[in-house]
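Bear in mind that the values in this text are calculations on the coordinates, not laboratory data. Note that the coordinates shown come from a computational prediction; the quantities given were computed from them, not determined experimentally. Counting neighbours? That spans all protein chains shown, and the Cβs are built from the backbone with ideal geometry, glycine included.
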Amino acid sequence: MTLETSVGNTQSFGLSSKYVEKWEKRSSIRTRPEKKIDFELDGFFFPEDKQPVLLDGRLKDISIENKSELLIRSLFKYLNDIVTLEIKLINSACNKIIYNDLPVAYPEQIKMNAYTVIIDEYYHVYVARDLINQLKARYPYLTEDALPDSDSFCAVNEIMKRLDAEHHDLFEIIAVCIFETTLVKELVEFFKSESVHPSIKNYVNDHMNDESRHYIYFLELLQYTWDRLPDKARRDIGSNIADFVKMYLNIESEKEFNLNYLDSIIADHEENKQTVNAIYKGFEVTPDVPIVKNVISALKRTGLLDDENVKSGFTNIGWII
């Protein structure tokens, strides 16, 4: 099968053998040392300006120790979300590309590139689990039992319920393509705060070393897959893309996490709930949000927004694209 794909007028890289060549030279698993947290160094484990619950007036005099605990818990959730996203969704989608008998035929080179993504993502999970274990050993109060599922994971499951079962695998691949073309730059910027612990900055930078390469692969894979979808699948999946984008970029998981935290230190659930709602009041996933702009840009570049089913979906949620 001849592989002919590009995004816009750009010659294919992400789906070609050049991708593997770059992976051999640049992947973190081949080039980066083991990640250990140096607990003797100063710094918060999560950017304090990215933790909205600190806006709660009742926490204005919070001690450094309690603030550190909150930010440790925030990193703990972040790492657990990575494990869930990369194992249950990203690697799952790549395995479907490689092994499943799908209506879209993927040539050998795309499958080979998918293998490299699986290796990268399992390495990311390994590093994340190692950091989780280091944190749990240092801070025994940390537990994974009460962590809410990420909005990304919930969004995929919700859309699956709406789709014909025969389209689940293809939707999962498309959903992962959208995930992987959204957050690379933002995540790097997210942890750039001067107050963030050096070990965490190092971890995030190494992670993004791979994700910037994955971006190219999944952007081209999105166009390749969409261009070859059967009409029925295109209608079924396309009509749900807008709802999926709005759901997966939501903040319900973050709100639940912060409410649980407040409940653990302040014994007034109703007031805590009102506080969380007030902190996030006015936030809405709209086309003006920078991360949403990234998604819309990817959908435009790959041709999804040229499809009437996709466009009508955005019209139905009130977005003018």
Between PHE39 and ASP130, what is the spin-label point distance in nm, taking each point 7 Å from the Cα along the Cα→C-beta axis?
1.8
With a ≥ b ≥ c from the Cα gyration tensor eigenvalues, square-rooted, and the rule rounded for a/c under 1.5, otherwise prolate when a/b > b/c and oblate otherwise, region 177-321 is oblate
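Given the -39500 (n - 2.57) contribution per DSSP H run of 4+ residues, what per-residue ellipticity at 222 nm results for the chain, rounded to the nearest 500 deg cm²/dmol?
-19500 deg cm²/dmol
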Could you derive backbone 3J(HN,Hα) for region 258-264 from the dihedral phi with the Karplus parameters 6.51, -1.76 and 1.60 (θ = phi - 60°), listing whole Hz in sequence and x where the residue is Gly or Pro?
5, 5, 4, 5, 4, 4, 6
Where Rh is the Kirkwood radius over the Cα pairs of region 1-129, the temperature 37 °C and the viscosity 0.692 mPa s, what D in µm²/s does Stokes-Einstein return?
181
Kindly write out, for region 48-56 in residue order, the coupling ³J(HN,Hα) from the Karplus curve 6.51 cos²θ - 1.76 cosθ + 1.60 (θ = phi - 60°), rounded to whole Hz, with x marking Gly and Pro.
5, 6, 10, 10, x, 5, 5, 7, 4
Per-pair calculated FRET efficiency, R0 = 25 Å: PHE190 and ASN95 via Cβ, rounded to 0.05:
0.30
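Please give the contour-minus-distance gain from GLU271 to LYS161: 0.36 nm per residue of separation, less the Cα-Cα distance, rounded to one decimal in nm. Don't skip to the answer; put the middle values down first.
On the way: separation 110, 0.36 × 110 = 39.60 nm, distance 3.43 nm.
Gain on stretching GLU271 to LYS161: 36.2 nm.
For TYR215, TYR126, TYR106, which order do you get if you count the other beta carbons within 10 Å of each Cβ and list the fewest first? Could the numbers behind the result be given before it?
Details: TYR215 19, TYR126 13, TYR106 22.
Fewest-to-most Cβ neighbours within 10 Å comes out as TYR126, TYR215, TYR106.
Report the FRET efficiency, 1/(1 + (r/R0)^6), for SER63 and ILE87, where r is their Cβ-Cβ distance and R0 is 35 Å, rounded to 0.05.
Details: r = 36 Å, r/R0 = 1.04.
About 0.45, to the nearest 0.05.
Going by how many other Cβ atoms sit within 10 Å of their own, how do ASP61, ASP149 line up, fewest first?
Result, fewest neighbours first: ASP61, ASP149.
Once you have the alpha carbon radius of gyration of region 85-202, what is it after dividing by 2.2 N^0.38 Å, with N set to its residue count?
1.26
Which of LYS25/LYS201; LYS18/LYS50; LYS201/LYS255; LYS111/LYS232; LYS25/LYS136 have a Cα-Cα distance over 29 Å?
Working: LYS25/LYS201 22 Å; LYS18/LYS50 37 Å; LYS201/LYS255 24 Å; LYS111/LYS232 25 Å; LYS25/LYS136 34 Å.
Violating the 29 Å limit, Cα to Cα: LYS18/LYS50; LYS25/LYS136.
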Using the count of nearby Cβ atoms within 10 Å as a rough guide to exposure, how do LEU70, LEU41 rank from fewest to most?
LEU41, LEU70
